[in-house]
1. Out of B:14, B:65, B:92, any idea which swings most in a Gaussian network model of chain B, alpha carbons joined below 10 Å?
2. Using the C-alpha gyration tensor of segment A:1-74, what are the square roots of 5 times its eigenvalues, in whole angstrom, with the largest one first?
3. By what distance, in whole Å, do the Cα atoms of the protein assembly as shown stretch along each of the three principal axes, largest value first?
4. Step through the table entries B:49/B:108; A:65/B:111; B:77/B:111; B:49/B:111; A:7/B:22, compare each Cα-Cα distance with 24 Å, and write down the pairs that go over it.
5. Checking a compactness column here: for chain B, what do you get for Rg(Cα) / (2.2 N^0.38 Å), N being the number of residues?
6. Run down the aspartates and glutamates and flag those whose C-alpha is under 16 Å from the C-alpha of residue B:78, throwing out any fewer than 8 positions away in its chain.
7. Do any cysteines in chain A lack another Cys Cβ under 4.7 Å, and if so which?
8. Mind checking the dipole of the protein assembly as shown: about its Cα centre, +1 per Lys or Arg Cβ, -1 per Asp or Glu Cβ, Debye to the nearest 20?
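None of the figures in this text is laboratory data; all of them are computed from the coordinates on show. Not measured: the values here are computed from a predicted model. Glycine also receives a Cβ, built like all others from the backbone with ideal geometry; neighbour counts cover every protein chain displayed.
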Amino acid sequence: SAVISQKPSRDICQRGTSLTIQCQVDSQVTMMFWYRQQPGQSLTLIATANQGSEATYESGFVIDKFPISRPNLTFSTLTVSNMSPEDSSIYLCSVGSGGWMETQYFGPGTRLLVL
Amino acid sequence: AQSVAQPEDQVNVAEGNPLTVKCTYSVSGNPYLFWYVQYPNRGLQFLLKYITGDNLVKGSYGFEAEFNKSQTSFHLKKPSALVSDSALYFCAVRDGSGAGSYQLTFGKGTKLSVIP
């Protein structure tokens with residue numbers, strides 16, 4: 001499986017500011033995914049990021065709030081814009097592996113607290 | 001639409017005893033089923049998956065899961081629990097019919113506590 005790293009591992013931010021989270025993979029992957037895990041909750045898919053095309057957002061998530069970049073096959077960023085305390089969550093990136101992206105492997109996550 | 005139900009918020013089991021963490025699913029196409037484990041302050045670790053083939057799948061750390069199509073279930077099991085198995089376990093499903101969506105839908109998680 002791919003080795004996935006995320007930066008930062010955690011951060012405390014003030015409301016109204018933005019934070020960019022980086023996801024780096026040690027091999028080239030076609031598809032990368034961004035998830036949110038709110039406190040005590042399950043994971044929710046934010047968007048799917050393919051290299052060379054616009055990210056595809058799930059219902060309830062919009063590009064203005066969560067812009068995503070995918071400049072190459074090993075890297076992606078997620079920005080959480082104009083943050084509010086409700087954005088306090090763990091943000092995880094994952095990559096698909098296998099012929100049909102059968103299995104998703106996850107990075108360690110970024111723990112975000114918005115004050 | 002696809003969904004996953006994990007009916008137990010918490011499961012307590014004595015060390016050395018068998019454990020079961022329950023999962024039922026709903027998906028319109030072929031189910032791809034997964035179990036992940038999350039340790040405190042860690043990301044999700046992949047445990048095992050069912051794509052096709054034998055209904056009993058074996059995964060990491062001695063865990064196994066049984067796919068039951070008629071009951072739409074995919075319960076996670078281990079013959080002998082360890083204290084180190086204490087963690088949060090997530091079941092997830094994906095439609096494997098090739099419709100183009102790779103979205104994983106997760107259950108709300110079950111906290112497993114293994115008591116020494």
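1. Its mean-square fluctuation being the largest, the pick is B:14.
2. Working: eigenvalues 84, 50, 36 Å².
One finds semi-axes of 21, 16, 13 Å for segment A:1-74.
3. Reported extents, whole Å, longest axis first: 49, 40, 31.
4. Numbers: B:49/B:108 18 Å; A:65/B:111 32 Å; B:77/B:111 14 Å; B:49/B:111 19 Å; A:7/B:22 34 Å.
Going by Cα-Cα distance, A:65/B:111; A:7/B:22 fall outside the 24 Å limit.
5. Values: Rg = 13.7 Å, N = 116, 2.2 N^0.38 = 13.4 Å.
In units of the globular-protein estimate, chain B measures up at 1.03.
6. Partners within reach: B:15, B:64, B:66.
7. A:13
8. On the way: 17 positive and 16 negative charges, 40 e Å.
Computed charge dipole of the protein assembly as shown: roughly 200 debye.
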